[in-house]
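To start, the structure itself, in structure tokens.
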Amino acid sequence: SLNKDIKIYATDITVSNSDISYFDVTKLDRIEAMVADSKPDIIFHLAAETNVDKCETEIEHAFAVNATGTKNIALAGSSRDIPVVYISSGSVFDGTKNTPYTESDVPNPLNVYAKSKWEGEKIIQSMLTKYYIVRAGWMIGGIEKDKKFVAKIVELLKIKKEIPVVIDKIGSPTFTSDLAKGIIELVSSGRYGLYHMANEGCCSRYEIAKEIVKFLNKVDVFIKPITSDAFPLPAPRPDSEALENSKLHKLGICKMPKWQDALEKYLKVMTDKR
């Protein structure tokens, strides 16, 4: 929970209610005007094109949002000495490591999305001294707006008796609620830098689906393990996006729960709301 004295200026490129202002990170003049008007103490840069396959086919769009958009935010922050929080991704790695990636591992992105996000990281590091780069894993969250893997499996469980799920790609689930709390904890510490922030542990999509089945008690549904070759996609994916919260642990401020506990907590919220 946030201090009641904290005022949030929420923005989005699609405005759903009066509490959110229209904002496009590719428009530098709009960013400058917004920052000059609101005079924030810190900027949370969450905007991104996250559709991996769209990025692969629309390269200019991907870099306009994820790289140039990040440069625009960095310009606004650097000119006024405002710290910036930039959310990045575990997909910046090539996935060849057999153990989870730490902050000391060197990125080698395989697809356009990951390349544009890593470009954003380099821009933040080169233009700012006061920044937090936070690499998250496979995002879990959204409830009724959720269109990601967990929501898809929950919906399929209502109508299918057999669901094929990929077993050969590994990642670290990241519950949005845990990520938000972790970012507040990190920002409160004042320790600038690059961090990994995912729920503890790593797994395949297959293992996540099995956990969902167990939680929802869908014992009559068979989760069929398959390889990613069965689902050819425009953008190549790394075999592993598993993250270790190495620096947070060293600072003693890592409070990210195990991914199984985070998934169960989200499913409880999700099934109550849907």
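Placing a label point 7 Å from the Cα of LYS224 along the Cα-to-Cβ direction, the residues of the range 157-201 whose backbone N falls under 14 Å from that point are 160-167. If the segment from SER21 to SER78 were pulled out straight at 0.36 nm per residue, it would be longer than the present Cα-Cα gap by 18.3 nm. In terms of packing, defined here as the mean over residues of other Cβ atoms within 10 angstrom, the peptides 261-268, 6-13 line up highest first as 261-268, 6-13. Dipole size of the range 33-138 about its Cα centre, with +1 on Lys/Arg Cβ and -1 on Asp/Glu Cβ: approximately 240 debye, rounded to the nearest 20.
Take the Cβ atoms of THR129 and VAL269, set R0 to 41 Å, and the FRET efficiency comes out at 0.60.
When DSSP assigns beta bridges and you keep just the ones with both residues in the chain, what percent turn out antiparallel, to the nearest 5?
5
Express the C-alpha Rg of the range 64-118 as a ratio against the empirical globular expectation 2.2 N^0.38 Å, rounded to two decimals. Intermediate results must be reported in sequence, preceding the final value.
On the way: Rg = 13.5 Å, N = 55, 2.2 N^0.38 = 10.1 Å.
Here the Cα radius of gyration is 1.34 times the empirical estimate.
Evaluating 6.51 cos²θ - 1.76 cosθ + 1.60 at θ = phi - 60° for every residue in the range 22-32, the Karplus couplings come out as 5, 7, 10, 5, 7, 9, 4, 5, 5, 5, 4 Hz, glycine and proline recorded as x. For the chain, a crude dipole built from +1 on the beta carbon of Lys and Arg and -1 on the beta carbon of Asp and Glu, taken about the Cα centre, is about 600 debye to the nearest 20. Stretching the chain fully between ILE253 and ARG191 yields a gain of 21.2 nm (0.36 nm per residue, less the alpha carbon separation). Taking the chain as a Gaussian network of alpha-carbon nodes connected by springs under 10 Å, the highest mean-square fluctuation of the residues ALA74, ALA230, ALA48 belongs to ALA230. Dividing the mean sequence gap of close Cα pairs (under 8 Å, 6+ apart) by how many residues the chain holds gives a relative contact order of 20 percent. Straightening the chain between LYS54 and ASN217 buys 55.2 nm, computed as 0.36 nm per residue apart minus the Cα-Cα spacing.
For ASP94, the residues whose modelled amide H falls within less than 5 Å of its own, excluding neighbours fewer than 5 places apart on the same chain, are ASN108. Annotation: amide H-H contacts under 5 Å for TYR132 (H modelled 1.01 Å from N, sequence separation of 5 or more, or interchain): VAL84, VAL85, TYR86, GLY193.
Here the simple spin-label model places points 7 Å from the Cα toward Cβ, and for LYS122 and SER38 these points are separated by 2.9 nm.
Suppose only helical runs count, i.e. DSSP H with n ≥ 4. What mean residue ellipticity at 222 nm does that imply for the chain under -39500 (n - 2.57) per run, divided by all residues and rounded to the nearest 500 deg cm²/dmol?
Details: 10 runs with 105 residues, N = 274.
Computed ellipticity for the chain at 222 nm equals -11500 deg cm²/dmol.
Distance from the C-alpha centroid of the range 88-127 to that of the range 236-274: 18 Å, rounded to the whole angstrom.
Dividing the radius of gyration of the alpha carbons in the chain by their Kirkwood radius gives 0.96 for Rg/Rh.
Residue by residue, the range 69-80 carries 3J(HN,Hα) couplings of x, 5, 4, 4, 5, 4, 4, 5, x, 5, 5, 10 Hz when phi is fed to the Karplus relation 6.51 cos²θ - 1.76 cosθ + 1.60 (θ = phi - 60°); x denotes Gly or Pro. For SER104 and LYS152, the FRET efficiency from 1/(1 + (r/R0)^6), where r spans their Cβ atoms and R0 equals 30 Å, is about 0.30.
Of the listed peptides 190-199, 131-140, what is their order by residue-averaged count of other C-beta atoms within 10 Å, with the highest listed first? Could you put the intermediate results ahead of the total?
Working: 190-199: 20.4, 131-140: 24.3.
Ranked by mean Cβ neighbours within 10 Å, highest first: 131-140, 190-199.
Amide hydrogen proximity for PHE175: with H placed 1.01 Å from N in the peptide plane, the residues at 5 or more positions away or on another chain lying under 5 Å are ILE140, ASN199. For the chain, a Gaussian network of Cα nodes joined below 10 Å ranks THR14, THR99, THR129 by mean-square fluctuation, and the top entry is THR14. Axis of helix 259-273 versus longest Cα principal axis of the chain: the two differ by about 90°, to the nearest ten degrees.
A short reminder: the numbers here are calculations on the coordinates, not readings from a lab. In this text, all values refer to a predicted model and were calculated from it rather than measured experimentally. Note that we place each Cβ from the backbone using ideal geometry, even for glycine, and neighbour counts take in every protein chain shown.
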